[in-house]
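Peer 1: This is the structure I want to talk about, given as structure tokens.
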Amino acid sequence: MKKWIRFEGEKALIFENVLERQEMEEKMRCVIYSRVSTEEQTTDNQLRQLREYADRQSWNIIEEIQDVASGGKSAEERQGLKKVFTMARQRKFDVLLFWSLDRFSREGSRKTLEYLTKLDNYHTKWHSYTEEYISSLGIFADAIISLMACLAKQERIRISERTKAGLARVKAKGKILGRPTDVIADTEQIRELRRSGHSLSEISRITGVSKTRVHRLLSA
């Protein structure tokens, strides 16, 4: 015979809170990550749709993290993304939800793959709202990682080819490469490498000029 227990007043409220807490613990803990490049931009519409999506999945949103920075900056340079990885390492959430892959990172296939793999290693799922196939939640998760690995490999090859071509052009002009005793910025050399498609980090490594100075010379 079933025995029904009736709770009234404060006891009923406590019992209801216990049930809600148990239900919350069973839900996947979700962190929403958004990014804009400038203060003038807003993510209000994106956040609204991301919240609605998380709600439809019965996910428990524990935090919303936003960066105001270029997607080309590394995780160390983006405080929001840095916090995401810290929380993931501490197992504080189960799934990371973002608007699109380019909102998450625009550092190229290699670095993006590195970030997603890091989340996997922390046993944290990830999901792109506007690109449902870019997700570690579905049956195509392994295929997506394999595809991105192939893209990253091709990117490494292209960077290597561009670097070799840039070095050849610079040498043909009689320039001396490497880090001299007194680092002198050669603007012409730096601009030539930039026109060849090299990143600031690559130019800094090739010429021996700091990345900050390279940026300043190119902006002059």
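Peer 1: I need the full set of residues from segment 55-70 which are assigned to a loop (DSSP other than H, G, I, E, B) and in contact with a helix residue (DSSP H, G or I) (Cβ under 6 Å, 6 or more places away or on another chain), in order please.
Peer 2: To start, the set of residues in segment 55-70 that are assigned to a loop (DSSP other than H, G, I, E, B) comprises 57-59, 69-70.
Residues satisfying the conditions do not exist here.
Peer 1: Let me ask something else about it. Note down all Cβ pairs under 9 Å where the first residue falls in segment 96-122 and is without any contact (Cβ under 8 Å) to a residue 12 or more places away in the chain and within 15 Å of K82 (Cα to Cα), the second is surrounded by fewer than 19 Cβ atoms within 10 Å (Cβ to Cβ) and among the aliphatic types (A, V, I, L, M), and they're at least six residues apart or on different chains.
Peer 2: Cβ pairs passing all conditions: E114/A152.
Peer 1: Would you check which residues across segment 83-103 are at pLDDT below 95 and out of contact with any Lys or Arg (no Cβ under 6 Å at 6 or more places or on another chain) and list them?
Peer 2: Matches in segment 83-103: W99, S100, L101, D102.
The values are calculated or read from the model by the stated rules, or taken from the named source; none is laboratory data. Every value quoted in this text rests on a predicted model; they were computed, and no experiment measured them. Cβ coordinates were reconstructed from backbone atoms using ideal geometry, including for glycine residues, and neighbour counts include every protein chain displayed.
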